[in-house]
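Here's the structure, in structure tokens; my notes come after.
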Amino acid sequence: MEAAASRVRIAVLLAQPPPREADRLWPEIHGVERAALPSLPEFLTLLLARGRLFEVRLLERSPQTYEQPDQALAWLRQQLWTAPGSNKDTALQRLAHARLQQRDGRYALSWDPVKVGIVIF
């Protein structure tokens with residue numbers, strides 16, 4: 001990235017790994033903790049380790065929501081690698097039903113805003 005950009009480099013990263021809400025269900029489905037994907041903190045650590053100074057602007061993004069509960073379940077199946085009709089999928093359906101929250105006609109696993117970092121280096 002540094003070699004390709006001549007003046008300014010900008011990276012946009014989430015402060016938490018994108019599948020954070022699915023990561024929380026992983027131990028209950030698979031019986032082990034899931035290794036989190038790198039996100040903003042790891043990127044900033046890498047820049048510092050390389051001796052790069054940077055500027056960070058934090059913004060809030062609305063949480064990931066769905067029109068229907070089945071859309072959330074489909075996303076969770078992708079993230080948790082469960083096959084419809086399997087024992088793990090049955091457990092996932094139970095957990096999704098228990099954790100899914102409705103607000104203003106939308107569904108979400110969490111209504112907490114998502115922090116996004118714009119990194120200029």
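The values are calculated or read from the model by the stated rules, or taken from the named source; none is laboratory data. If you're wondering where the values come from, they're calculated on a predicted model, not measured in any experiment. Cβ: placed from backbone, ideal geometry, glycine included. Neighbour counts: every protein chain shown.
Here are some notes:
- Counting only residues that are out of contact with any Phe, Trp or Tyr (no Cβ under 7 Å at 6 or more places or on another chain) and not in a loop (DSSP other than H, G, I, E, B), region 7-33 holds 14 of them.
- From the list A4, A36, the one residue that fits, being outside any helix (DSSP H, G or I), under 30 Å from I120 (Cβ atoms), at pLDDT below 95 and under 14 Å from the mean Cα position of the chain (by Cα), is A36.
- Answer residue from region 66-121, given it is surrounded by 15 or more Cβ atoms within 10 Å (Cβ to Cβ), part of a helix (DSSP H, G or I) and basic (K, R) and is nearest to the chain's Cα centre (by Cα) among those: R77
- Selection from region 58-101 of residues that are among the aliphatic types (A, V, I, L, M) and either over 22 Å from A36 (Cα atoms) or without any contact (Cβ under 8 Å) to a residue 24 or more places away in the chain (or both): L73, A74, A83, A98
- Qualifying residue in region 33-52 (condition: basic (K, R), closer than 21 Å to A5 by Cβ, surrounded by 11 or more Cβ atoms within 10 Å (Cβ to Cβ) and in contact (Cβ under 8 Å) with a residue 40 or more places away in the chain): yes
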